[in-house]
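Asks: Right, I'll just put the structure down here and ask away after.
The values are calculated or read from the model by the stated rules, or taken from the named source; none is laboratory data. What you are looking at is a predicted structure, and each value in this text was computed from that prediction instead of being measured. Here the Cβ is made from the backbone with ideal geometry for all residues, glycine too, and neighbour counts use every protein chain on show. Note: accessible area is taken over every heavy atom of the protein model, side chains too, but ligands, DNA and RNA are not part of it. Shrake-Rupley method; radii C 1.70, N 1.55, O 1.52, S 1.80 Å.
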Amino acid sequence: MRDTLIKLLKFLVGSIRDLAPIIAVVLFFQLVVLQQPLPNIGQLVVGVIFVLLGLTFFIHGLEQGLFPIGESMAHAFARKGSVPWLLVFAFALGFGTTVAEPALIAVAAEAAKVAADGQLIQSSEQAMSQYANGLRMSVAFSVGFAILLGVLRILKGWPVQWFIIGGYIMVVIMTAFAPEAIIGIAYDSGGVTTSTITVPLVTALGVGLASSIKGRNPMIDGFGLIALASLTPMIFVMGYGMVVL
């Protein structure tokens, strides 16, 4: 219990250190540049405290739960030697974590509202819900595919740079043909997928898998999954826009 409290205290100090520059920038521009008082100071203070506590518990949870389980499952699959099940797990992990991403849910809902306002889709609740769900499923499927491809890359020892170069060439080509209304959403989708839920588990999977395979370097081969996970949504969402819009 004492060790846990000491760790939490260290994480809290780290959270304060990480948030301090952001708070300093906001205060500087609000008080010095804009020369306006802070609105609802009490509410802001409470909000900052909640952010500090949330960030502290989140980081502690990652260290205690998500990272260990990701690495242990990667080791278990590697020992079992079942490549098909490992690939199925990789796809399911990418798909499941992305569907649950709060940032993706928010972006998809906002994109549906904007598409309805721009008369790209009907303004009915059903049409907006279908558009948002289709966008989420497209992104989730793309991340699942990316993690599957990344795990296969680790197993085969393929260089990650060729996947990244080829992927971005495809993004540039598709940008020339995709509807303008979907391009910005597609580019943003690559960022929102690599967020609080997806990154810890996917990173742990890659590092754990590379550590379990003879001849693989966790530093060289274990990373790169997140890069693929942020690349493929741009391709799939633009493809989704070509079909829907």
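Asks: In the set F29, F58, F11, F95, which member is touching an Asp or Glu at 6+ places or on another chain (Cβ under 9 Å) and hydrophobic (A, V, I, L, M, F, W, C)?
Replies: So the residue among F29, F58, F11, F95 that is touching an Asp or Glu at 6+ places or on another chain (Cβ under 9 Å) and hydrophobic (A, V, I, L, M, F, W, C) is F11.
Asks: Considering each of L135, L155, L149, L120 in turn, give the residue that is more than 17 Å from the chain's Cα centre (by Cα) and open to solvent by less than 50 Å² (accessible area, probe 1.4 Å). Quick ask: steps written out before the conclusion?
Replies: Details: L135 fails: more than 17 Å from the chain's Cα centre (by Cα); L149 fails: more than 17 Å from the chain's Cα centre (by Cα); L120 fails: open to solvent by less than 50 Å² (accessible area, probe 1.4 Å).
Within the list L135, L155, L149, L120, the selection yields L155.
Asks: Which numbered condition trips up G206, out of (1) closer than 16 Å to F91 by Cβ; (2) open to solvent by 10 Å² or more (accessible area, probe 1.4 Å)?
Replies: (2)
Asks: Additional query: Check the stretch 29-51 and report whether any residue there is assigned to a helix (DSSP H, G or I), at pLDDT below 80 and closer than 27 Å to I197 by Cβ.
Replies: For the stretch 29-51, residues assigned to a helix (DSSP H, G or I), at pLDDT below 80 and closer than 27 Å to I197 by Cβ: absent.
Asks: Within the stretch 55-99, track down each residue that is closer than 16 Å to S230 by Cα and surrounded by fewer than 17 Cβ atoms within 10 Å (Cβ to Cβ).
Replies: Of all residues in the stretch 55-99, those closer than 16 Å to S230 by Cα come to 90-91, 93-99.
Listed by number, the list holds a single entry, G96.
Asks: Looking at the stretch 148-163, I want the residues that are on the phi > 0 side of the Ramachandran plot and have a partner that is part of a helix (DSSP H, G or I) with Cβ atoms under 8 Å, at least 6 apart or on another chain. Which pairs are those?
Replies: G157/D221
Asks: While we're here: Inspect all residues belonging to the stretch 69-90 and state whether any of them is in a helix (DSSP H, G or I), of a type in the set (F, W, Y) and under 18 Å from the mean Cα position of the chain (by Cα). Spell out how you get there, then give the answer.
Replies: At the first step, the residues of the stretch 69-90 found to be in a helix (DSSP H, G or I) are 69-80, 83-90.
Now restrict to residues that are of a type in the set (F, W, Y): 77, 85, 89.
Checking which are under 18 Å from the mean Cα position of the chain (by Cα) leaves us with 89.
There is at least one residue in the stretch 69-90 that is in a helix (DSSP H, G or I), of a type in the set (F, W, Y) and under 18 Å from the mean Cα position of the chain (by Cα).
Asks: Same structure, new question: Do we have any residue at all in the stretch 105-117 that's closer than 14 Å to T198 by Cα, in a helix (DSSP H, G or I) and not basic (K, R)?
Replies: Yes, the stretch 105-117 contains at least one residue that is closer than 14 Å to T198 by Cα, in a helix (DSSP H, G or I) and not basic (K, R).
Asks: Out of the residues in the stretch 158-182 that are closer than 19 Å to F91 by Cα and surrounded by fewer than 16 Cβ atoms within 10 Å (Cβ to Cβ), state the one that is modelled with the lowest pLDDT.
Replies: W158
Asks: Take the stretch 210-236 and flag every residue that is on the phi < 0 side of the Ramachandran plot, within 15 Å of the chain's Cα centre (by Cα) and open to solvent by less than 40 Å² (accessible area, probe 1.4 Å).
Replies: Here is the first cut: in the stretch 210-236, the residues on the phi < 0 side of the Ramachandran plot are 210-214, 216-223, 225-236.
In the following step, the residues that additionally are within 15 Å of the chain's Cα centre (by Cα) were identified as 223, 225-234.
Listed by number, the residues that qualify are L225, L228, A229, S230, L231, T232, P233, M234.
Asks: Could you check how many residues of the stretch 187-203 are of a type in the set (S, T, Y), modelled with pLDDT of 80 or more and crowded, with 18+ Cβ neighbours inside 10 Å?
Replies: Filtering the stretch 187-203 for residues of a type in the set (S, T, Y) gives 187, 189, 193-196, 198, 203.
Now restrict to residues that are modelled with pLDDT of 80 or more: 187, 189, 203.
Those left that are additionally crowded, with 18+ Cβ neighbours inside 10 Å: 189, 203.
Here the count works out to 2.
Asks: Among the residues of the stretch 30-51, write down those that are more than 26 Å from V202 (Cβ to Cβ) and either under 20 Å from the mean Cα position of the chain (by Cα) or surrounded by 12 or more Cβ atoms within 10 Å (Cβ to Cβ) (or both).
Replies: Within the stretch 30-51, Q30, L31, L38, L44, V48 qualify.
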